[in-house]
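Worksheet: the structure to be examined is printed underneath.
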Amino acid sequence: MNFGAGVGLRSAMGEGSDMAVLGVDFGTSNSAAGIAREGAPQLIQLEADEITLPTAVFFDFDRKKMLIGSAAGNALLAGEEGRYMRALKSLLGAPLMREKRNLLGEKLDFIDVVSRFLARVKTAAEAQTGEKFDRALSGRPVRFHGDDARNTQAEADLREAYLRAGFDDVAFMFEPEAAALANRAVLDPGDLGLIVDIGGGTSDFTLFRNEAEGIDILASHGVRLGGTDFDRMVSLETVMPLLGRGSEIRHAFGGETHTAPTTIFNDLATWQKIPFLYAPDSRRLAKDLAQYAVEPEKLGRLVSVLGDELGHDIAFAVEAGKIAANGAGRGAIDLGVVERKLSVVLGDGMVEGLLRPMADEMAAAALVTMEQAQIPPDAVTHLVFVGGSSLMRVTRDALGAVFPQAQVHHGHALTAIVDGLSLASATAFD
Ligand SMILES: Nc1ncnc2c1ncn2[C@@H]1O[C@H](COP(=O)(O)OP(=O)(O)OP(=O)(O)O)[C@@H](O)[C@H]1O
Ligand SMILES: [Mg+2]
């Protein structure tokens, strides 16, 4: 198959051999893996009856175990003693990836945590296929970060996680290019397709022409914005005010007040930052704020949310509210876990209104892809939506508005990328 000159395959070893290659979509929210069988993707069952695995871990302090995927989420919801982490991919490239910390009696950095997650994927694939996977073809967003140095470091971090997981080598492919491979059958030869992959952490675009014998990649571009940013925005604007965001704090002396500092609320609304808020200094800050608060009942909630480690419970409630409001146009965020009967009403069109500016930024990034290829937007014949956040009406509306003439196709939201990586895995190291 002709992938076209633009397909971003890179390998440290470069040499081809007949060792088996596993295709892996390490996603911000969900991961998946697969191989090619007779020209079709065959996905690995990563959990009971599931081909996708939540990208989440839980360090269970009682059982002294690292739980992965749904088991991690279940332990969190059951209130087990431990540390939950989701959206680890968003931390790739940050200096704290390589900071060692004590976890279950071991000195680990977050590259180790990612590598253990990937090792689980490798083990499951080997158990199911009877093959040994020495190499991986991994997806990656076109831009992990806007900043070039961080973007490069993020791939280096992810590569190291694969190596520590027991793979001898890893090649990377841009996630939307994988989705293009998986969806080319939707287009006739000569048609011009734009993959719109709106995931949990990033939005990624590939412009490609379908040819009789393969695809020709014309440009790829991406932006660090996805469904977890939608969650953050909804949380910041609707939930965090109930915990004291924007609330006034009295000065210890005199009658003056100032607005509560924003960082703590920003972090509490951001999936990958929540675990860091349970450190003693954040809890102390919350208590200080509550002591001098003009609205102590609100800051009191912040104190108990940090004390009882309810940050992720709130994030899950916000995500569920976002998805419900997307279907019905309105909804609610159930905050019963914070306080009996506490909830946020998401009125008509409110979620759409909050998220539209970010969706417009995603659409602007799609237009940058067109500029890179020097092809006018109205030449796109097919818009192919993949990624969980492409299920949000606001993203479809924003993207549809800049490509009004294109035929819209919906690929497999959660498996299009791994399908393409599986197909490409067979020849990734040739
Ligand atoms: N039914 C739905 N409606 C709206 N959004 C949804 C739905 N299901 C999942 N999502 C959102 O999709 C996002 C996850 O999508 P996906 O699994 O494609 O991301 P990912 O591949 O893990 O992330 P990335 O590719 O950015 O690394 C989450 O933010 C989630 O809230
Ligand atoms: Mg994805």
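The values are calculated or read from the model by the stated rules, or taken from the named source; none is laboratory data. As the structure is a prediction and not an experimental result, all values here were calculated from the model. All Cβ positions, glycine included, derive from the backbone under ideal geometry; neighbour counts span all protein chains shown. Areas reflect the complete protein model, heavy atoms only, side chains present, ligands, DNA and RNA absent. Shrake-Rupley method; radii C 1.70, N 1.55, O 1.52, S 1.80 Å.
One Cα centroid belongs to the range 354-417, the other to the range 221-243; the line between them spans 20 Å. Divided by 2.2 N^0.38 Å, where N counts the residues, the Cα radius of gyration of the chain comes to 1.01. Charge dipole of the chain (Cα centre as origin; +1 on each Lys and Arg Cβ, -1 on each Asp and Glu Cβ, all else neutral): 1180 debye, rounded to the nearest 20. Normalising the Debye intensity of the range 221-378 to I(0), with uniform scatterers on Cα atoms only, and taking log10 at q = 0.14, 0.21 Å⁻¹ returns -0.75, -1.28. Local charge for residue 211 was computed over the other residues whose Cβ lies under 12 Å away, with Lys and Arg +1 and Asp and Glu -1, and equals -2.
Using only Cα atoms, figure out Rg for the range 151-306 and give it as a multiple of 2.2 N^0.38 Å.
The range 151-306 yields a ratio of 1.55.
Each principal axis of the Cα cloud of the range 298-430 was evaluated for its coordinate range; sorted largest first, these ranges are 55, 39, 24 Å. Protein heavy-atom surface of the chain, 1.4 angstrom probe: 50% of the accessible area is carbon and sulfur, with nucleic acids and ligands not counted. Residue by residue, the range 279-292 carries 3J(HN,Hα) couplings of 6, x, 5, 5, 4, 5, 4, 4, 5, 4, 4, 5, 4, 10 Hz when phi is fed to the Karplus relation 6.51 cos²θ - 1.76 cosθ + 1.60 (θ = phi - 60°); x denotes Gly or Pro.
The orientation-averaged projected area of the convex hull spanned by the Cα atoms of the range 50-196 comes to 11.3 nm². Each DSSP beta bridge with both residues in the range 84-197 is either parallel or antiparallel, and the antiparallel ones are about 35%. Couplings for the range 167-179, taken from phi via the Karplus curve 6.51 cos²θ - 1.76 cosθ + 1.60 with θ = phi - 60°, read 7, 7, 7, 9, 10, 10, 10, 4, 3, x, 5, 5, 5 Hz in order; Gly and Pro are left as x.
Per residue, the chain exposes 41 Å² of accessible surface when a 1.4 Å probe is rolled over the protein heavy atoms with every protein chain present. Note that the range 214-278 shows a convex hull volume over its alpha carbon atoms of 130 Å³ per residue.
Loop exposure criterion: GluC sites (Glu not before Pro), DSSP state outside H, G, I, E and B, at most 12 other Cβ atoms within 10 Å. Applied to the chain, the longest stretch between such sites is 257-430.
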